[in-house]
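Below is one structure; the comments refer to it alone.
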Amino acid sequence: MITSHMNGYVQEGSAQAANHRERAVDCPGDDTCLVKLPHCGAQMERIQHYQEELRKRRDEDGGRGKHDIDPSASLRLKKLSQNPKVGVDNPTFEGKEKAAKDIDELEEVLQAVKWVQQCLTDAQSQQDAELLLQLLAKDDFKCAYSIYAVVSQKMNRVNPTSPLTVQAQDLCLEVQKILKSSQQREGLELRALLTNPHLQALMQAHDSLAVQEMAEDNVIQYLGETVKMVRLQKTRDTPLGATVRNDMDSVVVSRVVKGGTAEQSGLLNEGDEILEINGTSVRGKHVNEVHDLLQQMHGTLTFLLIPSSQMKPAPHRQTVMHVRAYFDYDPSDDPFVPCRELGLSFQKGDILHVISQDDPNWWQAYRDGDEENQLLAGLIPGKNFQQQRETLKKTIPDKNQEPQGKRWYVKKGKKQKKKSASTLSKNTDADDLLTYEEMSLYHQPANRKRPVALIGPTNSGHDELRRRLLSVEPDKFAVAVPHTTRSPRLHERNGREYHFVSRIGFEADLAAGKFIESGEYEKNLYGTSTDSVRHVVNSGRICVLCLHTRSLRLLRSSNLKPFVIFIAPPSQERLRTLLATEGKSAKPEELKEVTEKAREMEQSFGPLFDATVVNMEPNEAFLELRRLIEKLDTEPQWVPTSWLC
Ligand code: 5GP
C-alpha cells in the first residue's frame with residue numbers, strides 16, 4: 001500500500017497523515033481545489049521497484065505477464081471488447097451442437113469440391129476431385145476431422161467456469177421425464193442418479209450460485225484470472241466518482257462516491273483491481289498517474305478489472321441522515337482526509353444530508369441547498385472520528401483562548417446587579433455540541449406556535465423589538481408570566497405581572513430544572529419557567545422571550561421547540577446614532593463591548609441560532625423579524641430530531 005491506513009484514532013500532525021491514500025478519478029473540481037500531491041520518494045522507489053519486477057516477469061513470460069492482458073489476444077476478449085453485453089461468458093463448446101457444426105463445415109467443403117469438379121474439364125482434374133470427394137465422404141475421415149476439431153478447440157479454449165445455465169434443476173427434471181419410459185440400462189442408471197437427493201441439492205446450489213455469477217456482467221476467465229470488462233460513460237454532467245489507491249503495484253478502486261457513474265451503474269466496486277483503461281495498462285502506475293490519465297480521457301471508458309474477491313454487501317436502502325454541523329470543516333486543511341478533491345467544506349450551523357455512512361470514518365454528504373449543483377457527494381469526517389479529534393484538540397491547551405467560564409463574564413451596569421443563575425451550571429452548550437446533531441424538518445401546527453427567543457447583547461435592540469411585537473399584535477404575541485420572590489406591589493395581581501412565590505419554593509423549582517432562566521435582583525429571585533411558556537403556547541399565541549445565551553441549553557432540552565433569532569448590533573458608529581435617537585449616550589468602550597459581546601455570542605452559539613437579524617435600522621429589523629416568524633407557519637424548519645421523539 002502506498003500510504004498507511006488510518007486506524008480510527010489519529011494523531012494530529014503525524015508525518016504519515018500528509019499522504020492521502022486515495023486519489024479521485026474524474027471528480028469535478030479536480031483541478032481547482034487540489035494541490036497536487038507530491039510523490040513521496042520512498043513510495044516512488046517502491047513503485048519503480050515493482051514496475052521493474054513486473055517488467056522482468058513479463059520478459060520471463062515471453063512478453064506476457066499474468067495480468068498483462070491484451071483483449072485482442074483472445075477471441076473471447078476481443079468479442080467482449082466489441083460487445084461486452086453479448087453472452088461471451090457462456091461459450092457452447094460442447095456436445096451435439098459442436099458436432100453438428102463440424103459436420104456442417106465438412107458438408108460445405110464437400111459442396112465446394114463438387115462445384116470445382118464441375119468447373120474443371122480435363123480428365124486428370126476430374127479424377128483428383130473424385131478422389132477428394134471420396135475421402136471427404138468416408139466415415140473414418142469425418143471421425144478424424146471431428147477429433148481434430150475438438151482437440152484444437154480444447155487447446156485454445158478457456159475453461160468455462162462461468163455458469164452455462166441457471167436452470168440445472170429444470171434440466172434434470174426434463175431429463176427424468178424423458179427417461180421415464182426408457183428401459184435401457186443406462187437410462188435407468190441415469191434416472192437413479194438424477195433422483196438422488198444429494199445430486200438434487202447440488203443442482204439447487206449450482207443454480208443459486210449461477211444466478212449470482214451471472215448477475216456479474218461480463219465476468220470471464222482469462223489465464224486463470226477472473227477478469228471483468230466494464231464500460232462507463234464519462235461526461236461533464238456525470239463524472240465517474242471513484243477514488244483509487246495503490247496496493248503494491250496494483251491500482252485498486254478504493255471508494256465509490258454516491259452520485260457518480262460508477263455508483264449509478266453498479267459496475268465498479270470497491271476493491272476491484274484496475275488492469276487497463278481504454279487499452280492502457282495501469283498496473284505499476286502511481287495513483288497520480290492514473291488520475292492524470294483519466295483526466296485526458298472522455299466518452300466511453302473501458303475498464304479491464306479483476307473484480308474484488310470480497311463479497312459485495314447486500315444492497316440495502318440507504319437512509320439519508322440530516323445533521324447540523326457544529327464545527328467548520330475545510331478539507332484542504334485536513335491532513336487526514338483520504339481524498340482531498342472529494343472533501344466537502346462546510347461551516348458551523350450548516351445542514352448536511354449524509355447519504356452514506358458505509359465508511360464510519362468518512363461519511364458521504366451533500367450540503368443543504370447544494371444538492372442541485374453538486375453532482376457528487378463529498379467526504380466529511382464521521383461523527384465518532386471527529387469527536388476523537390475534538391477530544392484530542394481539547395487536551396492540547398490553546399494559549400490564545402480564554403478559559404471557557406470567562407467567556408460569560410460581562411461587567412454589569414449598576415442597575416443590573418443580578419447574580420447570574422448560570423453559576424449553578426457552569427457548562428456551556430458548546431461543550432456538548434462538538435460535532436453533528438441529527439436534524440429533522442418540523443412544521444409547527446397552527447394551534448401550537450413555537451416560542452420565539454430573541455438573543456443578543458444588551459443594547460442590540462432585542463428588548464425593543466420584543467416590546468414592539470407585543471404592542472402591535474397583542475392577540476398574536478405574549479410574554480410568559482415570570483416568577484419572583486419579592487412581594488406584590490399594590491396594583492399587581494398574582495399570575496398577571498408575576499407568579500409570587502416563596503424563596504424556598506423558587507429554589508426548589510430551580511433545582512428541579514423548571515426554569516429556563518433566572519437571576520437575582522436586589523435580594524429577590526426572578527425567573528421564567530417552562531410551564532409559563534407552555535401556558536402561552538397552549539393559548540395559541542406566540543411566546544416571545546428575550547434570553548441570554550446561557551439559557552439556550554435549558555430551552556433546547558425543554559421540548560418547547562423554540563425558534564432562536566439572534567439580534568446582531570450594527571456597526572459601533574451606527575449603534576451610537578441609534579442609541580442617541582433613544583436619548584441614550586454611550587461611551588466608545590461601551591459600544592465596543594456590545595459588538596465584542598455579539599461576536600463572542602455568534603462564535604460560541606452561532607450554530608444554535610435559527611436566524612440572524614442585523615439591527616441596522618429598527619423598522620427594517622422589525623419587518624425582517626415579522627417575516628421570519630411568519631415563515632414558521634408557511635415552511636417547515638430544521639429542528640433537532642431529539643425534539644420530535
Ligand atoms: P421589578 O421587581 O421592578 O418588577 O423587576 C426588577 C428586575 O427584575 C428588572 O430588571 C426586571 O427586568 C427583572 N426581571 C423581571 N422578570 C424577570 C425574569 O423573569 N427573569 C429575570 N432574570 N429577570 C427578571
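FYI, it's all coordinate maths here, none of it is from the lab. Given the structure is predicted, the values throughout are model-derived calculations rather than measurements. Counting neighbours? That spans all protein chains shown, and the Cβs are built from the backbone with ideal geometry, glycine included.
Taking amide hydrogens as placed 1.01 Å from N in the peptide plane, the amide H of G343 sits under 5 Å from those of L379, each at least 5 positions away in sequence or on another chain.
For the stretch 424-523, the calculated P(r) over all alpha carbon pairs, in 10 Å bins from 0 to the bin holding the longest distance, is 10, 28, 39, 21, 3, 0 percent. Evaluating 6.51 cos²θ - 1.76 cosθ + 1.60 at θ = phi - 60° for every residue in the stretch 128-141, the Karplus couplings come out as 4, 5, 4, 4, 4, 5, 4, 4, 5, 7, 5, 4, 4, 5 Hz, glycine and proline recorded as x. Put simply, the amide H of E517, placed in the peptide plane, has neighbours under 5 Å in T528, leaving out anything fewer than 5 places away on its chain.
With 26 Å as the limit, write out which pairs from K138/K180; K234/K285; K348/K383; K514/K631; K348/K394; K394/K514 have Cα-Cα distances beyond it, or answer none.
Working: K138/K180 37 Å; K234/K285 21 Å; K348/K383 14 Å; K514/K631 30 Å; K348/K394 18 Å; K394/K514 32 Å.
Table pairs above 26 Å Cα-Cα are K138/K180; K514/K631; K394/K514.
Sequentially through the stretch 169-183, phi angles give Karplus couplings (6.51, -1.76, 1.60; θ = phi - 60°) of 4, 4, 4, 4, 4, 4, 5, 4, 4, 4, 6, 3, 8, 6, 10 Hz, Gly and Pro residues having no value and appearing as x. Note that the stretch 108-118 has calculated 3J(HN,Hα) couplings of 4, 5, 4, 4, 5, 5, 4, 5, 5, 4, 5 Hz, one per residue in order, obtained from phi through the Karplus relation 6.51 cos²θ - 1.76 cosθ + 1.60 (θ = phi - 60°); glycine and proline are x. On the beta carbon distance between I351 and H206, with R0 = 51 Å, the FRET formula returns roughly 0.50.
Can you sort Y521, Y442, Y329 from fewest to most other Cβ atoms within 10 Å of each residue's own Cβ? Provide the component values of the computation, followed by the final result.
On the way: Y521 14, Y442 17, Y329 20.
So the residues, fewest neighbours to most, are Y521, Y442, Y329.
A simple spin-label model places pseudo-atoms 7 Å from Cα toward Cβ; at S571 and T235 they are separated by 5.0 nm. With one equal scatterer per alpha carbon and no solvent term, the Debye-computed log10 I(q)/I(0) for the stretch 473-590 at 0.13, 0.15, 0.20 1/Å reads -0.67, -0.84, -1.11.
If you plug the beta carbon distance of D140 and L193 into 1/(1 + (r/R0)^6) with R0 = 22 Å, you get a FRET efficiency near 0.05. Once you reduce the stretch 548-576 and the stretch 598-626 to the center of their Cα atoms, the two points are 8 Å from each other. Computed from label points 7 Å out along Cα-Cβ, the spacing between S440 and K177 is 5.5 nm.
Taking one quarter of the surface of the convex hull spanned by the alpha-carbon atoms of the stretch 523-612 gives a direction-averaged projected area of 8.1 nm². Close amide-amide hydrogen proximity is noted between F477 and I542, each under 5 Å apart and 5 or more residues distant or on a separate chain (H modeled in the peptide plane; Pro and chain starts excluded).
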